[in-house]
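Enquirer: This is the structure I want to talk about, given as structure tokens.
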Amino acid sequence: MCTMISKQVSIAGSGKGREGWFSVNQANVSYDHPFHVPDEHALNIDFVNEALGPGARVAVELSEQAARSLVETILEVLNQAEAGGHLV
Amino acid sequence: MTFTTDMYEGMLAETVTMPGANGELINAYFARPTGEGPFPGMVIIHHMPGWDEWYREATRKFAQYGYAAISPNLYFRSGHGTPEDVAAKVRGAGGIPDDKAVGDIEGAMLYLRSLPNSNGKVGVFGTCSGGRHAYLAACRVQGFDALVDCWGGRVVMAEEDLNENFPVAPIDYTKDLSCPILGLFGEEDSSPTPEQVAQHEAELKKHGKNYDFHMYPDAGHGFFYHHRPNYRQQQAVDGWEKTFAFLEKYLKN
């Protein structure tokens, strides 16, 4: 196994799963075995709502570089939005 | 057991309910040969990616080789859904407590021992986290006659990685290991690394245990998994042959 490197963070938002949109209230971020990408380990993010069961999950599995690029891009977009006075 | 074209062969395979840790009921996949027996038993411990299709296939493979094989769902308490969704939930939570896993594995061993056609011997097999759990169980529970640990990571653990769920590094239970162990590992694995496997092997030697470790070149983690890119055909075939030769020696004779 299995690194068991995992963090959980409370979030607010919506995700689109197998049965359509649902509220997500937690993100599980791990660097561990993925299910789909052909690598031994990946940066995995599961957006979940555990009250709705294990199937209420929107999943992404990213390479290390993709994950770092995503983090940078999210921050750049938020900074731009803030600079434009769009964050209230 | 060599199959010949004039032989009868049959098995029953189904999900069942069994008592796990603290007598709590969990589900399990149970495959056993048809016939009177007596049959040795095998507890098959799934990996971190869950109680999935590969594990149901593997459980049937052990039945085909003449073992009453049961694979307990160690993630039963995490809810139900697809094996992947349930495993993702467990991954997000950082795993399951070692005590629960050991209790469930002990329950599976007792289940097999209770069968009227048991030959009185039970082994345990696991890959990835299942290899680690199998090792823990064979150290902490009396009653296993053979152990196959396939690339079980985190047998060697740093002090800072110990917590309420993982209070003791499995390697520190080595003096209590109660049965022979076959270990199969890949040189390119990062968990366990070849250095960690060597450390584990040294501990087994120190305590005078019966062990047989194999480190495969050009193989990493999970080289038995035919549905993943880490599959290595030659190493996997050899590993299965070693597994069944080892179990034949300790569970059937």
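Please treat every number below as a calculation from the coordinates, not as lab data. Remember, predicted model here, so these are calculated numbers, not experimental data. Note that each Cβ is placed from the backbone with ideal geometry, even for glycine, and that neighbours are counted across all protein chains shown.
Enquirer: Which ordering of B:Arg91, B:Arg113 is given by a fewest-first count of other beta-carbon atoms within 10 Å?
Expert: Fewest-to-most Cβ neighbours within 10 Å comes out as B:Arg113, B:Arg91.
Enquirer: If contacts are Cα pairs under 8 angstrom and at least 6 residues apart, what is the relative contact order of chain A in percent?
Expert: 20
Enquirer: Now for a separate question. Provide the gained length on full extension for the span B:Phe213 to B:Asp238, in nm with one decimal, where the gain is 0.36 nm per separating residue minus the Cα-Cα distance.
Expert: 7.7 nm
Enquirer: Among the aspartates and glutamates, which fall within straight-line cross-link reach of A:Lys7, defined as a Cα-Cα distance under 12 Å, with same-chain neighbours fewer than 8 residues apart omitted?
Expert: A:Asp32, A:Asp46
Enquirer: Taking only the alpha carbons of region B:11-252, what extent do you get along each of the three principal axes, in Å, biggest first?
Expert: That works out to 45, 37, 36 Å along the principal axes.
Enquirer: Determine the relative contact order of region B:11-252: mean sequence separation of Cα pairs under 8 Å and six or more apart, normalised by residue count, in whole percent.
Expert: That works out to 16 percent.
Enquirer: Right, something else. Alpha carbon centre of region B:158-216 versus region B:6-50: separation in Å?
Expert: 26
Enquirer: Still on this structure, please answer the following. For region A:5-62, treating each Cα as an identical point scatterer without solvent, what Debye log10 I(q)/I(0) comes out at q = 0.14, 0.15, 0.17, 0.23 1/Å?
Expert: Evaluating at q = 0.14, 0.15, 0.17, 0.23 Å⁻¹ gives log10 I(q)/I(0) of -0.36, -0.42, -0.53, -0.88.
Enquirer: Where does each of B:Arg232, B:Arg132 land when they are ranked from fewest to most other beta-carbon atoms within 10 angstrom?
Expert: Exposure proxy ranking, most exposed first: B:Arg232, B:Arg132.
Enquirer: Based on other C-beta atoms within 10 Å, arrange B:Arg228, A:Arg57 from fewest to most.
Expert: Least to most surrounded, the residues fall as B:Arg228, A:Arg57.
Enquirer: How much mean residue ellipticity at 222 nm does chain B get from its helices, if each DSSP H run of length 4 or more adds -39500 (n - 2.57) and you divide by all residues, to the nearest 500 deg cm²/dmol?
Expert: Taking each H run of at least 4 residues, the total per residue is -10000 deg cm²/dmol.
Enquirer: Sticking with this one: Read phi for every residue in region A:47-61 and hand back ³J(HN,Hα) as whole Hz from Karplus 6.51 cos²θ - 1.76 cosθ + 1.60, θ = phi - 60°, with x for Gly and Pro.
Expert: Going residue by residue, I get 8, 9, 9, 4, 5, 9, x, x, x, 7, 8, 10, 10, 9, 10 Hz, with x marking Gly and Pro.
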